[in-house]
């Protein structure tokens, strides 16, 4: 069956786009203006019957499939029993079981506690709250190119101004930014880059409440720090009494070929934030950390009406079971082994190809967004969903479902290869 029945977007999507203008706030953007009717593993089917290859997974959310059978079954079973009580009013087992799973899966063998929220930004904001309360300090260190969310505090933590911060200030205080290890651009070893960052921290801050970092940066450009960078930061935090917070919202749950990206550099954070891939498409987020840190907060200091909603918890348990049963860490590593060599051959000297597992990126050497936009646009016209990112908008990022069939992945990458070759003028 032909994948594309119409041009992208098709006539029904265009009709919905016209309705959208009169109903949806203009500040909400969309990468590809097609309206999805249903989905399959690695495919999105729009209202015009076009079958688009999904190399985005809703920004790393539907790694276990869309819909994933175990997730769908768990949601149906839970909704038939009850949809909500609020854990802070009358608790339920699903919330406890999700926390038990997170405590077991996140890095480190120490005793842990977890608390559940709705979104990644909410998890990050609460991690900062916990760190401040536990340490008695207020300052927070983040990094160049970081992305941590869209709330007032997380906008302050995020590095990129447009579109995330422009016109929305003033922002929360006591946030300090240090230079990130960026091997493609700075040429420093991990220890060298860590020494540079620590020098900035010591001069500008002293000892902060926490150092917050994405083990592999997401929106900032899929930047993986050089080996030794994270470990040196962790050592410094431990020696000085600052808490190391790993933002694993985009990297977690098998996305990089490990349960969590910090594992690639043998780093054990004090606190870990998670969301996105945790629940197969339902809104759920968490902070997991050392028991003595998490338990330092007084009763009632953490929570929220919908945090750990029972339907989302059921979905998370189904998603985590799927990850383990299908060995999606191995699946992510197979995607990396398949895709990276092909992209490197297509890009050649025109940029950098990097990534772990099914979190892969092409950064074009030119620091302007035109080439990346041209490549992404060609993919979209051919019915392949890819995303751009990076501080300069010059990075194509791939986040395919971990269960994507080999043939679908091959076809999608072939479209991207052609778009790259044509886009860089080779």
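Just so it is clear, none of the values below were taken in a lab; they were calculated from the coordinates. Given the structure is predicted, the values throughout are model-derived calculations rather than measurements. Virtual Cβ from ideal backbone geometry, glycine too; neighbours counted across all protein chains shown.
Some observations on this one:
- Calculated log₁₀ intensity ratio I(q)/I(0) where the Debye formula runs over C-alpha points of segment 1-40, q = 0.18, 0.22, 0.32 Å⁻¹: -0.58, -0.80, -1.23
- DSSP beta bridges confined to the chain are antiparallel in about 65 percent of cases.
- Compactness of segment 182-282 as Cα Rg over 2.2 N^0.38 Å, two decimals: 1.08
- Taking the centroid of alpha carbons for each part, segment 182-198 and segment 319-352 are 25 Å apart.
- For the chain, adding -39500 (n - 2.57) for each run of n ≥ 4 DSSP H residues and dividing by the number of residues yields -12000 deg cm²/dmol at 222 nm.
- The alpha carbons of the chain give a radius of gyration and a Dmax of 21.1, 63 Å, in that order.
- The modelled label-to-label distance for the pair residue 305/residue 30, using points 7 Å beyond Cα in the direction of Cβ, is 2.8 nm.
- Globularity ratio of segment 293-426, using Cα Rg and 2.2 N^0.38 Å: 1.35
- If you wrap the Cα atoms of segment 229-353 in a convex hull and average its projected area over all directions, you get 10.4 nm².
- One equal scatterer on each Cα of segment 1-131, no solvent, Debye formula: the resulting log10 I(q)/I(0) at q = 0.19, 0.21 Å⁻¹ is -1.20, -1.28.
- Taking label points 7 Å from Cα along the Cα-to-Cβ direction, residue 17 and residue 327 give a separation of 4.4 nm.
- Sorted from longest to shortest, the spans of the Cα atoms of segment 175-228 along the three principal axes equal 29, 23, 16 Å.
- For segment 225-297, convex hull of alpha carbons as volume per residue, Å³: 90 Å³
- Size descriptors for segment 91-183, from the alpha-carbon set: Rg then Dmax equal 15.6, 47 Å.
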